[in-house]
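One structure is given here, and the rest of the page talks about it.
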Amino acid sequence: MNRKTIFLIALIIAAVFSSCSKLKESNQTAKYTNEDYFKISFIEDGGETAKIISYLGSRQTVSIPSKKLGKTIIGIDNGAFFDCTKITGITIPGTVTSIGDSVFDACIDLVLIDVDNDNKVYSSENGVLYNKDKTILIKYPSGKSGAFDIPKSVINIKENAFGYRNKLESVKIPNSITIINEKIFDNCANLKEIIVDYNNDVYSSENGVLYNKNKTILYKFPANKLIMGGYFVIPDSVTNIFKKSFYECNLLHT
């Protein structure tokens with residue numbers, strides 16, 4: 001092999017490595033892309049799917065696209081819409097199969113979460129987010145006010161479903177609910193009462209306060225519950241009080 005041939009082979013090898021290096025750089029640069037107020041991340045370089053990382057716009061009503069940059073949107077990252085205080089309504093397409101736990105937290109004016117009927121994982125009813133068959137309550141919008149009756153189909157409530165819902169005043173819990181996370185009503189500053197269905201085998205309520213069935217455990221005293229004189233008498237039956245049962249109860253005297 002003469003010198004000219006060796007030189008040509010070396011040039012070809014150098015060109016190939018240079019091309020691969022540029023391709024890798026291109027993929028890394030394209031991984032995070034801004035378009036139409038959304039920041040997305042490709043699930044895999046060269047793949048067909050992507051997820052929403054954050055919302056960069058200022059619209060009041062937002063429709064998450066089913067496709068962006070030719071990629072199918074299948075996920076919404078944890079905290080993607082966190083503190084988007086101007087949003088009042090959001091629509092989730094049928095392609096989304098994964099939603100982060102705190103994705104809509106601190107969206108103080110959000111009153112409507114609407115899921116496309118074709119979605120096979122999630123559903124919505126009256127602006128509230130559930131799994132498909134409505135056995136799991138995932139998210140109650142921060143901006144919804146007044147009273148809320150949990151549907152009888154629900155058997156489980158996500159830990160962060162009601163956290164920081166400062167406009168929620170009353171909650172009715174059906175007999176289908178058998179597990180309630182101890183932090184579920186934390187920071188619901190305007191909550192006045194929690195009412196449990198009499199036929200619930202695990203939980204009970206009395207005068208708007210949440211207990212276990214035989215009232216030996218006090219789970220939650222609503223933060224904004226008004227008591228005559230400002231003093232609350234704990235029932236004699238109670239032997240255990242949850243750590244944050246009286247958190248932010250500013251109307252009570254100590």
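Looking only at residues in segment 223-246 that are of a type outside the set (A, V, I, L, M, F, W, C) and under 16 Å from residue 171 (Cβ atoms), which one is modelled with the lowest pLDDT? Among them, the one singled out is 245.
Yes or no: residue 154 among the hydrophobic types (A, V, I, L, M, F, W, C), modelled with pLDDT of 95 or more and within 20 Å of residue 79 (Cβ to Cβ)? Judged against the criteria, residue 154 is not a match.
Please verify whether residue 224 is closer than 21 Å to residue 155 by Cα, assigned to a loop (DSSP other than H, G, I, E, B) and touching a strand residue (DSSP E or B) at 6+ places or on another chain (Cβ under 8 Å), treating the condition exactly as stated.
No.
Might you check whether a residue that is in a strand (DSSP E or B), crowded, with 19+ Cβ neighbours inside 10 Å and of a type outside the set (Val, Ile, Thr) occurs anywhere in segment 97-110? Scanning segment 97-110 turns up no residue that is in a strand (DSSP E or B), crowded, with 19+ Cβ neighbours inside 10 Å and of a type outside the set (Val, Ile, Thr).
When the residues of segment 57-96 are narrowed to those that are of a type in the set (Gly, Ala, Ser) and not in a loop (DSSP other than H, G, I, E, B), which ends up farthest from residue 41 (Cα to Cα)? Can you show your working first?
So the first thing to find is which residues in segment 57-96 are of a type in the set (Gly, Ala, Ser), and the list is 57-58, 63, 66, 70, 75, 79-80, 89, 94.
From what's left, not in a loop (DSSP other than H, G, I, E, B): 63, 75, 89.
Working: 63: 18, 75: 10, 89: 23 Å.
The extreme case among them is 89.
Exactly one residue out of 113, 74, 136 is buried (at least 16 other Cβ atoms within 10 Å of the Cβ), among the aliphatic types (A, V, I, L, M), closer than 19 Å to residue 177 by Cα and touching a Lys or Arg at 6+ places or on another chain (Cβ under 7 Å), and it is 136.
One residue stands out among those in segment 172-221 that are part of a loop (DSSP other than H, G, I, E, B) and aliphatic (A, V, I, L, M): the one that is farthest from residue 143 (Cα to Cα), which is 202. Of all the listed residues (130, 122), the sole one being at pLDDT 95 or above, among the hydroxyl-bearing types (Ser, Thr, Tyr) and touching a Lys or Arg at 6+ places or on another chain (Cβ under 7 Å) is 122.
The values are calculated or read from the model by the stated rules, or taken from the named source; none is laboratory data. The shown structure was predicted, so the numbers you read here are calculated from the model rather than taken from an experiment. Using ideal geometry, Cβ is built from the backbone for each residue, glycine included, and neighbour counts are taken over all protein chains shown.
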